[in-house]
Amino acid sequence: MKNLAKLLTAQQCADKKRRLQLIKKVNSLNTSELDWALRSLLSKSKKNYIFNRMSNLKTYLIDRLEIESNNQLENSLSKLNFSENLLPITEIIITVEYKKSKKWGSNPTAETYVNGIGFLTSGSISGCGYDKQSTAVAMVLNQIPQFMQSMYVLKSKNVRIRNHELFGYGSGYGILPEFEGGVGVSCYDKIFNAIGYRFSTVIYGKSFTVFSVKKMENQTQKQKSHK
């Protein structure tokens, strides 16, 4: 996935360069007056702080930017590392149970079990004004390394193509594709089709829904022929 690694590195370098330019333009010793892109670099004790010298403020910001940029890049690149012992997935079942909340109405919790990975859950999804069901399902799907690896491999081969063009709606806007939450589960089937799976609803009721992610038959046959 060298292509993705190069893109992530280039993106981080561009962001760092952009913020270094902002630091050069700082003309106030009061950190509360900093550009929003620089305020994220401040520790809690420096959120509303007045430095005694401009050089001290800029040195502080540059040091913080260096640390943050390195950590963010390291975190991004770590997502490209997968275990060589991941078991292939033929099918998984995702259950979503809904529990009533006096404040938020019906709160879904998505759960599944993946061989070699274990039990995965989204936890209870609360709030209102967005699609909570797809948010719960997406949180579980994004924890399954086999699916993430397949998406990253395909993206690495097509780095110039946007996620929505390569996978379809609901696959994220960043360099690394993902399952977006709040978009409705109906878009997940097209995303899965791109990596050789089908996403479908098995059964549903008033307090539950069961989904299936199953490898397409031709993909399963290919897998067997390579053994």
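Over segment 127-192, how many percent of alpha carbon pairs lie in each 10 Å bin up to the one with the longest distance? The calculated distribution, bin by bin, is 23, 55, 20, 3. Here the accessible area is traced with a 1.4 Å probe on the protein chains. For the chain, carbon and sulfur cover 50 percent of it.
Once the mean 1/r over all distinct Cα pairs of segment 1-109 is inverted, what Kirkwood radius in angstroms do you read off?
Working: mean 1/r = 0.0559 Å⁻¹.
With all distinct Cα pairs of segment 1-109 included, I get 17.9 Å.
A simple spin-label model places the labels of Ser124 and Lys25 4.6 nm from each other, with each point 7 Å out along Cα-to-Cβ. The heavy atoms of Ser171 offer some 0 square angstrom of accessible surface to a 1.4 angstrom probe.
Placing a label point 7 Å from the Cα of Asn3 along the Cα-to-Cβ line, the residues of segment 135-171 whose backbone N sits under 16 Å from it are 149-168. Taking the helices alone, the chain has a mean residue ellipticity at 222 nm of -13000 deg cm²/dmol, built from -39,500 (n - 2.57) per DSSP H run of at least 4 residues and averaged over all its residues.
Can you tell me the length gained on complete extension of the stretch Ile161 to Phe208, counting 0.36 nm per residue apart and subtracting the Cα distance?
13.3 nm
Mind giving me the FRET efficiency for Gln11 and Glu111? R0 is 25 Å, r the Cβ-Cβ distance, nearest 0.05 is fine. Write out the running numbers ahead of the final one.
Details: r = 34 Å, r/R0 = 1.35.
It comes to 0.15.
Residues in segment 110-125 carry Karplus couplings, in order, of 9, 9, 7, 10, 10, 4, x, 10, x, 7, 10, 9, 8, x, 6, 9 Hz; the curve used is 6.51 cos²θ - 1.76 cosθ + 1.60 with θ = phi - 60°, and Gly or Pro positions show x. Accessible surface of Ile62, taken over heavy atoms with a 1.4 Å probe and every protein chain present, rounds to 70 Å². Rounded to the nearest 10 degrees, the angle from helix 132-141 to the longest Cα principal axis of the chain is 90 degrees.
Of all trypsin sites (Lys or Arg not before Pro) in segment 1-81, which ones are in loop regions per DSSP and have a Cβ with at most 13 other Cβ atoms within 10 Å? Answer in residue order: Lys25, Lys47, Arg53. Label sites at Lys47 and Thr90, each approximated as a point 7 angstrom past Cα along Cα to Cβ, lie 5.4 nm apart.
The values are calculated or read from the model by the stated rules, or taken from the named source; none is laboratory data. The structure displayed is predicted, hence computed values, not measured ones. Every residue, glycine as well, gets a Cβ built from its backbone with ideal geometry; the counts of neighbours run over all protein chains shown. Only protein heavy atoms, including side chains, enter the accessible area calculation; ligands, DNA and RNA are left aside. Shrake-Rupley method; radii C 1.70, N 1.55, O 1.52, S 1.80 Å.
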